[in-house]
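Structure first, commentary second.
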Amino acid sequence: RENTVVIFTSDHGEMLGERGMWFKQCFWEWSARVPLIISVPGGRKNATVKVNTSLVDLLPTQIGFAGKFNELPEKIISDLAGNDLGSLLEGNEKDWPNCAIADYLSIGPCVPTRMVRKGNYKYIYTHGHPELLFDLVADPDELNNLAVSQGHKRRIDDLKKLAMKNY
């Protein structure tokens, strides 16, 4: 504990019969959400981070840990897709982007699908299919598609712009 960083995670969840599905190939929370537990020497104990993170944040985080013991140029981390979780582990959520993006391009769905989770909202774009938008605080089971409501058009436009970036 005094000199070792321990990271426990998994690559994805499973649909263990939820909605009649027994496979992962979707972005419902049961499938998309993964465990992430990090123990850092001298770090906070029993702390929970409530913002969105992604597994692509692990490489910048590991490089950040290595940089604490060796002089590594910041450019190494800044060129990566993810973000260093170090500030979150120290309790600073203020400047965190609070966004996770994931996609399927060749397995599962027959067409490209991208999910953007930003704040409480999850937006799912599947080429050729209706858009999906869920408020995961008000609707944790993802049963009420807000994309059918004109009241969420601006949010959908903003999230779709993120989804289409580098698509």
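The values are calculated or read from the model by the stated rules, or taken from the named source; none is laboratory data. Source: prediction; values computed, not measured. Please note: Cβ atoms are built from the backbone with ideal geometry, for glycine as well, and neighbour counts cover all protein chains shown. Surface accessibility is based on the protein's heavy atoms, side chains included, excluding ligands, DNA and RNA. Shrake-Rupley method; radii C 1.70, N 1.55, O 1.52, S 1.80 Å.
Highest mean first, the peptides 113-123, 136-146, 155-165 sorted by other C-beta atoms within 10 Å per residue fall in the order 113-123, 155-165, 136-146.
Quick one: which of Lys122/Lys160; Lys94/Lys153; Lys50/Lys153 span more than 22 angstrom between C-alpha atoms?
Lys94/Lys153; Lys50/Lys153
Whole-Hz Karplus values for the stretch 43-53 come out as x, 5, 10, 6, 8, 10, 9, 9, 8, 6, 10 Hz, taken residue by residue from phi with 6.51 cos²θ - 1.76 cosθ + 1.60 and θ = phi - 60°; glycine and proline positions read x. Scalar couplings 3J(HN,Hα) for the stretch 124-133, obtained by applying the Karplus form with A = 6.51, B = -1.76, C = 1.60 to θ = phi - 60°, are 10, 10, 10, 3, x, 10, x, 5, 10, 9 Hz; x denotes Gly and Pro.
Taking all protein chains together and a 1.4 Å probe, the residues Arg1, Arg33 rank Arg33, Arg1 from largest to smallest accessible area.
Quick one, which of (1) 1.00; (2) 1.12; (3) 1.16 is the actual Rg/Rh (Cα atoms, Kirkwood Rh) calculated for this model? Among (1) 1.00; (2) 1.12; (3) 1.16, the one calculated here is (1). Coupling constants for the stretch 112-120 follow from the phi torsions by the Karplus curve (6.51 cos²θ - 1.76 cosθ + 1.60, θ = phi - 60°), and in residue order they are x, 9, 9, 10, 10, 10, 10, x, 7 Hz; glycine and proline get x.
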